[in-house]
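Novice: Take this structure first; my questions come after.
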Amino acid sequence: MAINFFQEDINYNLPQKNLTKRWLREIGQKEGFKITDLNYIFCTDEYLYQINVDYLDHDTYTDIITFDNSEEENLLEGDIFVSIERIIDNAKTQNQDTYRETIRVISHGLLHLCGYKDKTKEEAQLMRAKEDEAIKHFFELKENT
């Protein structure tokens, strides 16, 4: 049940790693999954842009790309690339705290692995509701720790 945090081309140290791991496991359990191997790779806009071009043939910047490596039903394995620069920009644009935005994006990647999509308006609304629920849970855990 490994959850790892790495850095590529950026120096970023996620606060509250142990709490974040517990929270991610609880999100997975609530959705009916067990995390077996989950890697978050924090990186720059350019690093993530290149992944988007090379692997997804998308010529756009994004805050997150999730690769599902799961081979067994109800077991989650994946690599989730997160642009810290994009999170900082999005937090400013949304008038949001950067840490809260980071938690939102981290949950977003896990929710993708749980099967949630965000391409249609309805899917995006459900994804946002699930993110909000996850964020609320994170800060409740943090308060009680």
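Any read-out appearing in this document is the output of simple, stated calculations on the displayed coordinates, not a laboratory observation. Note that the coordinates shown come from a computational prediction; the quantities given were computed from them, not determined experimentally. Heads up, the Cβs are rebuilt from the backbone with ideal geometry, glycines too, and the neighbour counts pull from every protein chain shown.
Novice: Taking loop as defined by DSSP and a crowding limit of 14 other beta carbons within 10 Å, which GluC sites (Glu not before Pro) in segment 1-101 fit?
Specialist: Answer in residue order: Glu71, Glu72, Glu73.
Novice: Would you list which aspartates and glutamates come within 13 Å of Lys21, measuring only between C-alpha atoms, while excluding same-chain residues fewer than 8 positions from it?
Specialist: The reachable aspartates and glutamates, counting only those whose Cα sits under 13 Å from Lys21, are Asp37.
Novice: Let me know the charge dipole size of the chain about its Cα centre in debye, to the nearest 20, where only the beta-carbon of Lys, Arg (+1) and Asp, Glu (-1) is charged.
Specialist: So the magnitude is around 740 debye.
Novice: Just subtract the alpha-carbon distance of Gln29 and Tyr99 from 0.36 nm times their residue separation and send over the number in nm, one decimal.
Specialist: Working it through step by step, the gained length comes to 22.9 nm.
Novice: For Gly78, enumerate residues with amide H under 5 Å from its amide H, sequence gap 5+ or separate chain, H modeled in the peptide plane.
Specialist: Asp37, Leu38, Asn39, Asn69
Novice: Sticking with this structure for a sec: Specify which residue in the list Ile106, Trp23, Asn52 is farthest towards the positive end of the charge dipole of the chain, using unit charges on the beta carbon of Lys, Arg (+1) and Asp, Glu (-1), about the Cα centre.
Specialist: The one lying farthest along the dipole's positive direction is Trp23.
Novice: Can I ask one more? Can you pull out the trypsin sites (Lys or Arg not before Pro) in segment 70-133 whose DSSP state is coil and whose Cβ has at most 16 other Cβ atoms within 10 Å?
Specialist: Here the trypsin sites (Lys or Arg not before Pro) that fit, given the DSSP loop and packing criteria, are Lys117, Lys119.
Novice: Diagonalise the Cα gyration tensor of segment 2-143 and give the resulting equivalent ellipsoid semi-axes, square root of 5 times each eigenvalue, largest first, whole Å.
Specialist: Semi-axis lengths for segment 2-143 are 21, 18, 16 Å.
Novice: Show which lysines lie in cross-link reach of Lys121 when reach means a straight Cα distance below 29 angstrom and same-chain residues fewer than eight apart are skipped.
Specialist: Straight-line reach from Lys121, under 29 Å: Lys30, Lys34, Lys92, Lys130, Lys136.
Novice: Where the centroid of each part is defined by its Cα atoms, how far is segment 21-59 from segment 94-115 in Å?
Specialist: 10 Å
Novice: Between Leu141 and Asp54, with labels modelled 7 Å along Cα→Cβ, what's the label distance in nm to one decimal, could you check?
Specialist: A separation of 3.1 nm, rounded to one decimal place.
Novice: Report the label-to-label distance for Lys92 and Tyr12 in nanometres (one decimal), using points 7 Å from each Cα along the Cα→Cβ vector.
Specialist: Reported label-point gap for Lys92 and Tyr12 is 1.5 nm.
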